[in-house]
1. Of the numbered conditions (1) modelled with pLDDT of 95 or more; (2) in a strand (DSSP E or B), residue 123 fails exactly one; give the number of that condition.
Amino acid sequence: MRTLNLPPYPFRLTEKDGKTYIYDLLRRKRVILTPEEWVRQHFVRFLISARSYPPARIANEVSINVNTTAKRCDTVVYNDFLTPLVIIEYKAPEVSVTEEVFNQIARYNSALHVPYLIVSNGMKHYCCRIDYQTMESRFLDDIPAYDVIIKY
């Protein structure tokens with residue numbers, strides 16, 4: 001797999017029936033290794049190790065309903081009361097992060113109303129902070145630590 005713009009981590013990779021699997025720490029199971037999954041696993045480890053996000057407050061593949069349609073968020077981060085704080089959308093490294101990707105995560109946010117949206121293709125990472133009182137959004141220079149996001 002491609003080297004990403006994230007720290008390297010030791011992953012448990014296995015082969016079975018000609019397919020490569022990676023162990024997902026959060027789901028506690030092996031999942032098929034795709035380029036998007038490679039980005040997800042790196043980014044989750046980055047949140048845990050570099051930004052102090054508690055693993056118990058992060059969930060992968062979260063089902064939600066958006067206008068009566070079932071959708072799945074790549075990753076959602078919660079506070080101690082299980083209120084969603086962050087939605088994260090991943091793309092494969094070769095996929096450009098476009099306005100359509102932000103439209104996708106904004107649709108998911110219409111159901112969850114989180115203060116932070118993050119999009120990453122493993123090479124570029126974008127974080128947007130939404131202030132619901134002023135209805136303004138602002139892109140941040142970096143991914144905030146967990147102790148910062150829980151204040152909102």
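1. The failed condition is (2).
Residue-by-condition table, conditions (1) buried (at least 18 other Cβ atoms within 10 Å of the Cβ); (2) part of a strand (DSSP E or B); (3) touching a helix residue (DSSP H, G or I) at 6+ places or on another chain (Cβ under 6 Å):
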site: 5; (1), (2), (3): no, no, no
site: 41; (1), (2), (3): yes, no, no
site: 61; (1), (2), (3): no, yes, no
site: 97; (1), (2), (3): no, no, no
site: 105; (1), (2), (3): yes, no, no
site: 110; (1), (2), (3): no, no, no
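Residue-by-condition table, conditions (1) within 14 Å of the chain's Cα centre (by Cα); (2) within 24 Å of residue 8 (Cβ to Cβ); (3) free of Cβ contacts under 8 Å to residues at least 40 places away in the same chain:
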| residue | (1), (2), (3) |
| --- | --- |
| 78 | yes, no, yes |
| 82 | no, no, yes |
| 101 | yes, no, yes |
| 120 | yes, yes, no |
| 124 | yes, yes, no |
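The values are calculated or read from the model by the stated rules, or taken from the named source; none is laboratory data. Small disclaimer: the values here were computed from a predicted structure and weren't measured. A quick note on method: Cβ atoms are made from the backbone with ideal geometry, for glycine too, and the neighbour counts reach across all protein chains shown.
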